[in-house]
Amino acid sequence: MSQTYKLIIDKEGVNHVKVFKAEGDGYTNHWNFPLTGDEDPIVFSEFYNETQFVVMNWNGWLRAYDAADKTLLFEIDFKGNIDVKAVLSLDKTKLYIAFRNESNHNCLVQLTLDAIKVETFELPDILGKSLQIRKDGNLLFYRTDSERINNTKVFRHFYSVLDVTSFDVTEYELAFAPQYAFNDFIPVVDIKNNRVIMPANGEVVSKTTETGETVFDYRLAIFDATTFEMQRVLSVRDFQKNQLSYYPNECDTIAELFLGTVRDKNYMKALREFYESLNTIKVSSEGIWLCWSGGIIRRIHTDFSLSPLLVTASMPNNSGEGMFMFPNFHAHLYYIDNRTIVLAEALDFYSTVFPTISNADINTPIALNFESTTPEAVFNMHYSKEQADAIKNQDLVKIQVEDLSTKESFEDALNQIQTIVSDLTGAGIGSTLQFIFQDTKGKILEEPMFFATAAQQDAASVQKIILNCIQYPKVKYLYRNPCETVLCHAVSELAKQDEKYLPTIIKYLAAIDMDHDVFNTENLIPLLEERYTYKALAKKIKTISKEFSEWYEFYCEEMHEE
């Protein structure tokens with residue numbers, strides 16, 4: 001919507017919003033702020049006019065901001081249940097939000113954005129997997145279903161249309177239902193052309209090429225978005241046998257299943273893998289872009305003719321080379337224009353120059369060589385040094401004191417930490433809690449050095465901090481960084497003090513996620529075993545935590561085999 005601003009939302013400890021403003025041929029960083037206390041996935045973020053935008057997580061916590069004024073306009077928590085969906089009206093004046101509320105009722109909220117007017121309506125059981133909008137402004141809900149008929153599971157799928165004026169609901173059943181219980185691919189609504197596009201789920205059709213090779217036809221189904229009648233079924237890619245699976249040794253088996261007549265669970269599994277290899281359908285003014293796993297791209301032109309396949313042939317930090325050699329690259333088409341192609345896989349991004357495809361042979365794939373990139377590089381976004389430094393440290397909790405060479409300042413710092421860990425929810429802490437200590441003279445200490453001194457000076461206060469922290473309901477998922485659990489250095493230093501602190505240390509280890517731990521397994525437990533022997537430690541653990549005792553028993557079997 002906005003021609004002036006762009007958004008990027010990153011999640012470290014909590015979600016962080018970065019706003020960029022157009023300048024020259026790129027964008028400069030304009031405003032950065034955390035969504036304090038919000039570590040849940042963001043499911044909707046969009047500008048609804050030139051300067052104002054909304055951000056909402058999957059529980060329905062919605063906030064609206066003005067990028068020009070750098071202000072929070074309003075916030076509302078609709079208290080949904082991780083299934084909240086939203087879409088803007090076509091004129092961007094209203095936001096529709098669908099969710100299941102705390103009373104387990106289906107709700108639709110109509111939020112008028114300029115007046116902040118909230119109207120809530122009860123919905124029938126049509127929430128399903130998506131909330132979309134079509135050309136006439138009415139809302140679409142897509143869902144799948146199944147039932148047993150004559151001992152056979154029959155799958156069906158539907159679109160329900162909600163008239164936003166009368167609130168009448170009309171349901172339409174579509175052809176080509178996904179033949180499995182779970183399908184994350186949501187059909188794509190082409191608003192301009194009033195149509196719905198999805199894989200033509202169903203039995204895989206095979207055909208023989210002019211050279212006698214058997215190939216398997218991937219097809220798209222295109223429906224009218226008003227009547228939901230089939231407009232066309234379009235063949236968009238021929239899969240050779242060796243392209244049928246992520247695992248080369250399974251390709252022959254899948255080909256035999258598709259060519260055979262048995263329709264058992266193995267066939268259904270193969271069918272699902274085949275259709276779910278398509279990760280992206282993106283509608284543009286030039287037609288429809290498709291992207292499959294393996295980094296394989298094709299455009300359907302507006303006249304429904306096809307471009308050649310554009311196929312990933314090399315990637316950074318990957319020894320593979322050659323087209324169709326990256327079956328485990330779960331590529332999504334992130335961005336494309338007439339100059340650049342950008343693919344994404346999880347948090348990694350890859351770019352390449354758009355090749356020349358006009359007048360190219362449709363049957364001859366074109367190789368793509370990708371390099372690593374970032375969203376900032378794609379859109380020519382820039383930070384000042386001060387902004388980059390601030391972002392680098394955005395999840396650090398800074399503890400400021402007078403003089404880190406004095407005991408009084410250490411006491412002050414411990415008291416500040418105590419206040420924070422006593423109410424981590426109120427402090428807005430997400431999944432990361434890392435402290436850094438600075439005094440008025442510019443001296444800086446990180447946690448290892450700070451707690452090495454603090455535990456010697458005031459072990460009792462360090463103990464109290466640890467005991468308070470492990471009362472936090474989400475402490476199991478609280479980390480300093482990907483390899484270190486929260487306060488692990490405080491616990492490690494406390495372990496070097498008096499034996500009376502051992503129960504606290506064991507309670508800490510019982511509270512955190514030892515199954516995904518690195519630091520404590522490699523450092524703290526060996527330290528404890530050196531002081532007490534692992535047999536004596538096992539005996540002590542057993543008196544404090546049955547669950548951790550079982551974990552430690554397994555650990556000992558692995559690490560201390562006689």
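Bear in mind these aren't lab numbers, they're just calculated from the coordinates by the rules spelled out. Note that the structure is predicted; figures quoted are calculated from it, not measured. A quick note on method: Cβ atoms are made from the backbone with ideal geometry, for glycine too, and the neighbour counts reach across all protein chains shown.
Which order, highest average first, do 429-441, 288-300, 255-267 follow once you tally other Cβ atoms within 10 Å for each residue and take the mean per peptide? Kindly include the intermediate steps, with their values, before the conclusion.
Numbers: 429-441: 18.3, 288-300: 23.1, 255-267: 13.5.
Highest mean packing first, the order is 288-300, 429-441, 255-267.
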Q. Say a paramagnetic label sat at a point 7 Å from the Cα of residue 114, along Cα to Cβ; which residues of region 73-88 have their backbone N under 13 Å from it?
A. none
Q: Evaluate the Kirkwood expression for the hydrodynamic radius of region 395-559, namely the inverse of the mean inverse distance over all pairs of different C-alpha atoms, and round to one decimal in Å.
A: 16.3 Å
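Treating only the Cβ atoms of Lys and Arg (+1) and Asp and Glu (-1) as charged, compute the dipole magnitude of region 423-507 about its Cα centre; round to the nearest 20 debye. Display every interim value, and only then the final one.
Values: 9 positive and 9 negative charges, 36 e Å.
Here the size comes out at about 180 debye.
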**Q.** Cα-centre dipole for the chain with unit charges at Cβ (Lys and Arg positive, Asp and Glu negative), debye to 20
**A.** 740 debye
Q | Gain in span if fully extended, residue 79 to residue 423, counting 0.36 nm per residue against the direct Cα distance | A | 121.7 nm
Q) Quick one: Cα centre-to-centre distance for region 56-73 and region 260-330, in angstrom? A) 36 Å
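Within 10 Å of each candidate Cβ there may be at most 14 other Cβ atoms; applying that plus a DSSP loop requirement, which chymotrypsin sites (Phe, Trp or Tyr not before Pro) in region 130-220 survive? If you can, show how the numbers build up before the last one.
Values: sites: 141, 142, 155, 158, 159, 167, 172, 176, 180, 182, 185, 216, 218; in loops: 167, 176, 180, 182, 185.
Those satisfying the criteria are 167, 182.
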Q) Between 288, 202, 245, whose Cα lies farthest towards the positive end of the dipole of region 192-294 when Lys and Arg beta carbons carry +1 and Asp and Glu beta carbons carry -1, centred on the Cα centre? A) 288
Q) Ranked highest first by average number of other Cβ atoms within 10 Å, how do 303-311, 531-539, 144-152, 486-494 line up? A) 486-494, 303-311, 531-539, 144-152
Q. If the cut-off is 25 Å between C-alpha atoms, which lysines fall inside it for residue 153, apart from same-chain ones fewer than 8 positions away?
A. 129, 265, 269
Q: Estimate the FRET efficiency between residue 68 and residue 209 by the formula 1/(1 + (r/R0)^6), using the beta-carbon distance for r and 60 Å for R0, to the nearest 0.05.
A: 0.55
**Q.** Along each principal axis, Cα extent of region 480-544, largest first, Å
**A.** 30, 22, 17
Q: For a label point 7 Å from the Cα of residue 456 along Cα→C-beta, name the residues of region 397-415 whose backbone N is under 14 Å from it.
A: 405-407
Q. For residue 249 and residue 384, FRET efficiency with R0 = 41 Å and r from the beta-carbon atoms, rounded to 0.05?
A. 0.20
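Between their Cα atoms, which of 94/135; 496/546; 21/441 are more than 27 Å away from each other? Could the numbers behind the result be given before it?
On the way: 94/135 15 Å; 496/546 24 Å; 21/441 36 Å.
Going by Cα-Cα distance, 21/441 fall outside the 27 Å limit.
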Q: Grab every C-alpha pair in region 381-452, bin the distances at 5 angstrom width from 0 up to the longest one, and report whole percents.
A: 3, 15, 23, 22, 17, 13, 5, 2, 1, 0
Q. Distance in nm between label sites at residue 173 and residue 49, each 7 Å beyond Cα in the beta-carbon direction?
A. 4.6 nm
Q: Output the DSSP H helices from the chain with an along-axis C-alpha extent of no less than 18 Å and a mean Kyte-Doolittle hydropathy no less than -0.5.
A: 407-422
(Q) Taking R0 as 35 Å, what FRET efficiency do you get between residue 374 and residue 515 from their Cβ-Cβ distance, rounded to the nearest 0.05? (A) 0.65
Q. How big is the equivalent ellipsoid of region 1-123 along its three axes, where each semi-axis is √(5λ) from the Cα gyration tensor, reported in whole Å from largest to smallest?
A. 26, 17, 11
Q. Can you list, bin by bin at 10 Å, the percent of alpha carbon pairs in region 51-195, starting at 0?
A. 10, 37, 33, 14, 4, 1, 0
Q: State, to one decimal in nm², a quarter of the convex hull surface area for the C-alpha atoms of region 130-252, i.e. the direction-averaged projected area.
A: 10.1 nm²
Q. So how far, in whole Å, is the C-alpha centre of region 460-482 from the one of region 89-119?
A. 38 Å
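Once you charge only the Cβ atoms, +1 for Lys and Arg and -1 for Asp and Glu, what is the size of the charge dipole of region 8-97 about its Cα centre, to the nearest 20 debye?
Working: 9 positive and 15 negative charges, 36 e Å.
Dipole size: approximately 180 debye.
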Q) Once fully extended, how much extra length lies between residue 532 and residue 321, figured as 0.36 nm per residue of separation less the alpha-carbon to alpha-carbon distance? A) 70.7 nm
(Q) Expected output is a single nm value to one decimal: the length gained when fully extending between residue 233 and residue 392, i.e. 0.36 nm times separation in residues minus the C-alpha distance. What is it? (A) 52.3 nm
**Q.** Neighbour cut-off at most 10 other Cβ (10 Å), DSSP loop, trypsin sites (Lys or Arg not before Pro), region 155-240
**A.** 192
